[in-house]
Amino acid sequence: MEKILFLTGRLAEKSLKKVLLELESSNFSWDIKEIGLQVAGLMTADMIRRRLKDPLQDYDRILVPGRCRGDLKKLSTELGLPIDRGPEELKDIPRFFNKESPKMNVSNYDISIFAEIVDASKLSVEQIIAKAANFKKNGANVIDIGCLPETEFPHLEDSVLELKNQGFTVSVDSLDPSELIRGSNAGADYLLSLTPDTLWVVNEVSATPILIPKEPSNEKSLFESIEYFLKIDRDFYADAILDPIPFGLVESICRYQRLRKNYPEIKIMVGVGNVSELTEADTNGINAILIGICSELKASAVLTTQVSGHARRAINEIDVARKVMYAARENMALPKGFGDDLLTIHAKRPYLDTYEEIKEISENVKDPNFRIQISEDGLHVFNRDGLLTEKDPFAFYPDLKLNDDASHAFYMGVELARAEIAWKLGKRYAQDRGLDWGVSADKLSEDMLTHCQPGNTLKVKKRKTK
């Protein structure tokens, strides 16, 4: 049986022991070593190197706090023992050791993202390239050049050529057959879209078309187009058209189901933007559900847009959702336990500690630095002088005695604002770290090889004036 040495600090030692004792049927044994610091999150590789002098031959590996800084690979070589970072919060140790959900690969997908630049005809080639680069960075597989009705697009060919020269896969989106032909002749890979009345375009182009019905409700026209393409043995995608709420969403989903039932092997595209863009609700959850439906349909592609401000992260959201839903489907598992990126507003386990646990921790603090935590009961601030609990951050101010310390007051204001947001929404809060908004916001990059900056909670001494 594997034996693990857990390194921690004084304030976390008791809680860590409790968590480890409560682990059920663990396949490892353990010891805890408090290495002579108060806050485990401030541990560094250099600190471990200096303070860990005990014999290590009885251990198979060392587990350090998730926020431990420094070169653990180098330290591991020096100590002759594997060293791993654990979770950032010790209450997450059961999940870390795979006690609650199976660890599955969440990197594969089978749905391509067509990301439309809806106003391409109004943009310069340079602007189109810039948008395309951003879309691709966020997960798009195909850049869809959107043509506007009755709007000239003289630089269509130049746009396609430059995109292709820079390695993009390109589609041209227009109901004008002449623009589709121009786009294909310039090198476009896909054409959106061909109706039964414009199927003749296929004789003029080499690009792969997306087929749509004459009218969304006219399934027969789409089936006839599909039969024609199967007969001439040309590659294509079929799109039954997803209608917005309340103009037939459910019926359009049923159309896709019938499409898949009638043609089990063809490639299907679903235009999800009609729902995500036209529903004023957070798109993260909408896209997760839509991609779950697409995954069940085994759709090959989705078409999305990022026009409305509330849909500004649609591509990122779909990129995460397609991987989660693929993993869930292939493993015949519910889409749970595959990561927290789709949980942007509420956390599954927002409050790690109870008021009683926080009170117990506060009683062991011996220094003047303020700690901030949250529980279901509210916001908690404590140091050696005691524990304060409030629901309104402003209520703390008279007791913090920071009237003459502007920088510290500013710091506490920022941290208490974060804590209040986390408490009200039910999100995780960790002092000195920004809130995690999942896929809805870019994460700040963090170099774990470097040390943290000096703590902000230390009182800044006023400079003496001569």
Here are some conditions: (1) hydroxyl-bearing (Ser, Thr, Tyr); (2) over 27 Å from LEU222 (Cβ atoms); (3) more than 37 Å from the chain's Cα centre (by Cα). THR198 meets all but one. Which one does it not meet? (2)
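Right, ASP84: in contact with a strand residue (DSSP E or B) (Cβ under 6 Å, 6 or more places away or on another chain), surrounded by fewer than 20 Cβ atoms within 10 Å (Cβ to Cβ) and not in a helix (DSSP H, G or I) or not?
On the way: in contact with a strand residue (DSSP E or B) (Cβ under 6 Å, 6 or more places away or on another chain): yes; surrounded by fewer than 20 Cβ atoms within 10 Å (Cβ to Cβ): yes; not in a helix (DSSP H, G or I): yes.
Yes: the conditions hold for ASP84.
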Within segment 163-170, does at least one residue satisfy the condition of being surrounded by fewer than 19 Cβ atoms within 10 Å (Cβ to Cβ), more than 35 Å from the chain's Cα centre (by Cα) and in contact (Cβ under 8 Å) with a residue 24 or more places away in the chain? no
Collect the residues in segment 300-324 that are over 12 Å from ILE113 (Cα atoms) and without any contact (Cβ under 8 Å) to a residue 40 or more places away in the chain, keeping them in residue-number order. SER308, GLY309, HIS310, ALA311, ARG312
Just to be sure I understand the filter: pairs with C-beta atoms under 9 Å, separated by 6 or more residues or on different chains, first member in segment 249-276 and touching a residue at least 12 places away in the same chain (Cβ under 8 Å) and closer than 12 Å to LEU290 by Cα, second member in a helix (DSSP H, G or I) and among the polar types (S, T, N, Q). Which pairs pass? LEU249/ASN274; VAL272/ASN287; ASN274/SER252; VAL275/ASN287; SER276/THR283; SER276/ASN287
Exactly one condition in (1) assigned to a loop (DSSP other than H, G, I, E, B); (2) under 29 Å from the mean Cα position of the chain (by Cα); (3) of a type outside the set (Gly, Ala, Ser); (4) surrounded by 18 or more Cβ atoms within 10 Å (Cβ to Cβ) is false for TYR59; which is it? (2)
Between ASP158, ASP110, which is of a type outside the set (A, V, I, L, M), more than 29 Å from ASN331 (Cα to Cα) and touching a residue at least 12 places away in the same chain (Cβ under 8 Å)? ASP158
Please enumerate the residues belonging to segment 120-160 that are at positive phi and either of a type in the set (Lys, Arg) or modelled with pLDDT under 95 (or both). GLU150
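Sort out for me the helices (runs of 4 or more DSSP H) sitting completely within segment 198-283 that have 2 or more residues that are in the same structural domain as VAL172 (by TED's automatic domain parsing), closer than 24 Å to GLY183 by Cα and basic (Lys, Arg).
Details: elements: 219-232, 249-262, 273-276.
Fully inside segment 198-283 and qualifying: nothing.
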The residue from ARG418, ARG428, ARG371 that alone is touching a Lys or Arg at 6+ places or on another chain (Cβ under 8 Å), at pLDDT 90 or above and within 26 Å of ALA40 (Cβ to Cβ) is ARG428
Within segment 194-213, is there a residue that is under 24 Å from LYS323 (Cα atoms) and modelled with pLDDT of 95 or more? yes
Near pairs, Cβ below 9 angstrom, 6+ apart or cross-chain, from segment 57-81 (at positive phi) to any residue that is assigned to a loop (DSSP other than H, G, I, E, B) and not polar (S, T, N, Q): GLY70/MET43; GLY70/MET448; GLY70/LEU449; GLY70/HIS451; GLY80/LEU56
Leading residue by the ranking (nearest to ARG349 (Cα to Cα)) among those in segment 374-403 that are in a strand (DSSP E or B) and of a type in the set (S, T, N, Q): SER375
May I ask you to list the residues in segment 129-160 that are part of a helix (DSSP H, G or I) and farther than 15 Å from GLU179 by Cβ? ILE129, ALA130, LYS131, ALA132, ALA133, ASN134, PHE135, LYS136, LYS137
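The values are calculated or read from the model by the stated rules, or taken from the named source; none is laboratory data. All figures in this text were calculated on a predicted structure; none of them were measured in a lab. We place every Cβ from the backbone using ideal geometry, glycine too, and count neighbours over all the protein chains shown.
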